[in-house]
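Structure record follows, encoded as structure tokens.
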Amino acid sequence: SPTVSAQVVKSDKPRITAPAVEKADLGALVNSNNAFAFTLYQALIQAEGNLFYSPYSISEALGMTYAGARGDTEKSMAQALNFTLSQDRLHPAFNSIDLQLAQRGQGAKGKDGEGFRLHVVNAILGQKDHQFVPQFLDVLAQNYGTGLRILDFIKETEQSRITINDWVGQQTEQRIKDLVPPGAINTLTR
């Protein structure tokens, strides 16, 4: 059953820390992510200026939202993201890759003398007072170790944008600031 705590709706199920994922599924997800990365790059290079992005992070965040998709939306998202695995295999594969990435660089020292740090963080956001399907929250908890952050996009549009940007800044050690520009969120955002 979902619980609400500190503006997060979360399943009570724990994250699976040793997912049983076949090597072929990991390979299929890596291939899907690579195809998505190249497709996304082709779209992004059309804009002027420097380009810095994390295709894996984007793929994973959209994979988290994909967990709630069904029907035509599910098919369209799978096609756009190049997902070839069924949902019951895709999310454990993301979990396995995340857990492997979290172990990278342990004990290594960075240029600043601090330990090497690799943080892959994503968040799913939802409208306050909306009801979320428990099975969706279970997938987020078990495979991504997270819940759904709740904001009031309708009544607190600008504060929602600031809250998102503050969270992103904290998670990236202030390397990414103002990810969501003014006007990007409106009362129709969900």
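The values are calculated or read from the model by the stated rules, or taken from the named source; none is laboratory data. Remember, predicted model here, so these are calculated numbers, not experimental data. All Cβ positions, even for glycine, are placed from backbone atoms using ideal geometry, and neighbour counts span all protein chains on display. Each accessible area value is taken on the protein alone, full model and side chains, heavy atoms only, with ligands, DNA and RNA left out. Shrake-Rupley method; radii C 1.70, N 1.55, O 1.52, S 1.80 Å.
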**Request:** Output yes when any residue across the range 144-160 is of a type in the set (F, W, Y), in contact with a Gly (Cβ under 7 Å, 6 or more places away or on another chain) and under 30 Å from A20 (Cβ atoms), and no when none is.
**Result:** no
**Prompt:** Of all residues in the range 133-190, which are closer than 18 Å to H119 by Cα and among the basic types (K, R)?
**Reply:** R175, K177
**Asked** Inside the range 106-159, can you point out the residues that are farther than 19 Å from S96 by Cα and in a helix (DSSP H, G or I)?
**Response** P134, Q135, T157, E158, Q159
**Prompt:** Within the range 94-101, is even one residue open to solvent by 80 Å² or more (accessible area, probe 1.4 Å) and of a type in the set (F, W, Y)?
**Reply:** no
**Asked** Given (1) polar (S, T, N, Q); (2) at pLDDT 90 or above; (3) under 22 Å from V8 (Cβ atoms), where does S96 come up short, assuming only one miss?
**Response** (3)
**Asked** So V139 clears everything in (1) surrounded by 17 or more Cβ atoms within 10 Å (Cβ to Cβ); (2) modelled with pLDDT under 95 except one condition, right? Which one?
**Response** (2)
**Message:** Among the residues that make up the range 150-172, is at least one of them among the charged types (D, E, K, R) and in contact (Cβ under 8 Å) with a residue 60 or more places away in the chain?
**Reply:** no
**Item:** So D129, is it surrounded by fewer than 16 Cβ atoms within 10 Å (Cβ to Cβ) and over 23 Å from Q170 (Cβ atoms)
**Value:** yes
